[in-house]
1. Summing Lys, Arg as +1 and Asp, Glu as -1, what charge do residues with Cβ under 9 Å from the Cβ of B:ILE58 carry, B:ILE58 excluded?
2. Quick one: if the Förster radius is 60 Å, what FRET efficiency do A:ASP348 and A:SER28 give, using the C-beta to C-beta distance and rounding to 0.05?
3. What are the extents of the Cα atoms of the stretch A:1-53 along their three principal axes, in Å, largest first?
4. Return the tail of the calculated pair distribution for chain B, meaning the percent of Cα-Cα pairs more than 31 Å apart.
5. For B:MET95, enumerate residues with amide H under 5 Å from its amide H, sequence gap 5+ or separate chain, H modeled in the peptide plane.
6. Near A:THR52, within a Cβ-to-Cβ distance under 11 Å, what is the net charge of the other residues, with Lys and Arg +1 and Asp and Glu -1?
7. Taking only Cα atoms, what is the 0 to 90° angle, nearest 10, from helix A:171-182's long axis to the longest principal axis of chain A?
8. Could you give the dipole magnitude of the protein assembly as shown about its Cα centre, charging the beta-carbon of Lys and Arg +1 and that of Asp and Glu -1, in debye to the nearest 20?
Amino acid sequence: MKKRYYAVLIFLLLNIAVQLLCMTVFCSYTPGVILIILEVVSLAVLFGCNRTVRTSNWFKGLHADPEHERYPDNIWYRKHDERNFDLINLGSNSAKYAFDYTEEPVRAMNWSSGSQTLIDDYKLMRNFHSILKERGTVIITIMPFTGINKQTGLTDAFKFWKVLDYTQTDPQYRIKCGLLERFPILFGMAAVKTIVKVVIGRDGRAADEADTDRNPMSEDMLKAHAARMIAAWKHEFSIDSLEGPLTDQNHEGREIRIAVMRSLLDFIEERGYRPVFVIPPVSSYLKEYFTDAFQEIYIYSYLKQIERSVPILDYMKGDEYDDKGLYFNSYYLNRRGARIFTHRVMADLAGMGLL
Amino acid sequence: MVMSTNYMDYRLMKEVVAAGLKCGFRAFDTARDYGNEDIVGRVLSECMRELHIPREEIFITTKIGNSQQILGNIDRQIEISLKNLRTEYVDLWLMHWPYPDYYIETYHKMEKVYHSGKAHAIGMANYRLRHFERLFDAGIEIMPHGVQYECHPMRTADEILSFCKNNNIAVQAYSPICRMIPEIRNADCLKSLSDKYHKTIAQVILRWHFQRGTVPVFKSTKPERLRENIGIFDFNLTDDEIREVSSLNQDYKYHLESASCPGY
């Protein structure tokens, strides 16, 4: 509150100074008055636009947990009495769509908010692990490229700005994230587009593509989607051949990911929880790219290099999940697929004594 | 028993603290991170003057927050707290959380401040056994005088209590009645004891704390509740009844530590 008083005071003093200047230059108060009116109107419009963006669905969608229902933060735990959860899963997009605990008799949370790195996973564990019971299980979802590093930026930091403690945000982004949170008008063109969408009534929530029991894509569409995914990954990680050796850059990224995974595992085990690696399935359209050679280079060699004894549940192998009807594209499980897969994982964990 | 003052404004705190002092309460808990240490100081100094209670009769606990641990100037932080609280010393000065990478160094600095007399006792809040082990392995000069942690029938934390008793460390229990969540309110054994002794469930639990040797730190904004809470010294639970209440334990933590202390 004090900051607002100072802001108003400075605003008033500046305007008095402007008035005095106008009186001196023009021998009249009129230009000063006009200036003040323009100022007030401009500020009102600016704040109005800022508020419009702040309350838009687009802005909410930039955050990992706008409703405070995904992570057990200070707001969640005051609304919910459930504690001592059996299990949580970490992971990126693949994990977000793979795990659905709705029909399982376990207390579990899916901590994947979509695109999320292993470093984000580690920060989420640091911030929210207390929801787990003693010896609770932590599923670390291994995606095809978990073992190599990718660069993240302001948008990734901003996604978790309201989720994680500020000390968990990369220091170079803290001030920017704070400003963007309060003044999303600073997003520039994206903010302007949002204002237009709000005005014309087009700022709806994005439909949940996974909320289906079938695959809406034809065979040709699935092949094309898989090819696009592969092309995107190759571009993102500068890969020429999926079966070629790691590039120098990806070797460096591999070292980073080994270090992060070891830190995450140390953190989990020090607190008495039990980690397990889960490799989710992909459709046959994508699996044909993930040959044995690819899996060895990008997945299994990574897990071996971590040098920790962690159980691995690998559902990419075999044809159990080849049915395209379990996915909503070539990669992610749909609602039906997620429930079938989750049920299977829970049974396997129980068989291993991890649940 | 200790009265908590977190997140109260001046008007409410003055009313509650004055009522508490008149009932017989003398111990008050606050923390830098509650954002109202200065209000606690103002209220207490006014109440002590108005009710003619000397400072020596009042027991003040305050705590160092995570951001102060990061700053590292612990000797400066006690000065800020003393100024806020309008006193020359605090009776118990706690580290609010075992903030990773900082808590061991913070405790060593607190030991130095203890020697200055500005804190009559030092300790910590929200520690688990692994935090104590790490701290003790790093070497301490002064055994903590007091610790504070969440403790109630659904979270008895027996191993921490044993550890404290073995090391002669006083224990304060926050959320002592687990905010009377439905599982506590509807517990058969508590209802039955409440009927037997003609006491409320909250009074039964507070008596359980007293007999176990844990000092409850509770928050109430209702003067009548304060009178009720202090009315626990005219009955006694049997050993079996203590065990029966303790059997509600399911390691249930209302407050999730990692949400307040990342890396906990």
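Nothing in this text is a laboratory measurement; each read-out follows from the coordinates by a stated rule. In this text the structure is predicted, and so the values were computed from the model without any measurement. Neighbour counts run over all protein chains shown; Cβ positions are idealised from the backbone, glycine included.
1. Its environment carries a net charge of -1.
2. Details: r = 83 Å, r/R0 = 1.39.
Between A:ASP348 and A:SER28 the formula returns 0.10.
3. 41, 24, 9
4. Numbers: 8761 of 34716 pairs.
Of all Cα-Cα distances in chain B, 25 percent exceed 31 Å.
5. B:ILE64, B:GLY123, B:MET124, B:ALA125
6. Working: positive: A:ARG51, A:ARG54, A:LYS197; negative: A:ASP203.
Neighbour charge sum, excluding A:THR52 itself: +2.
7. Helix A:171-182 and the main axis of chain A meet at about 60 degrees.
8. On the way: 77 positive and 79 negative charges, 426 e Å.
So the dipole magnitude of the protein assembly as shown works out to roughly 2040 debye.
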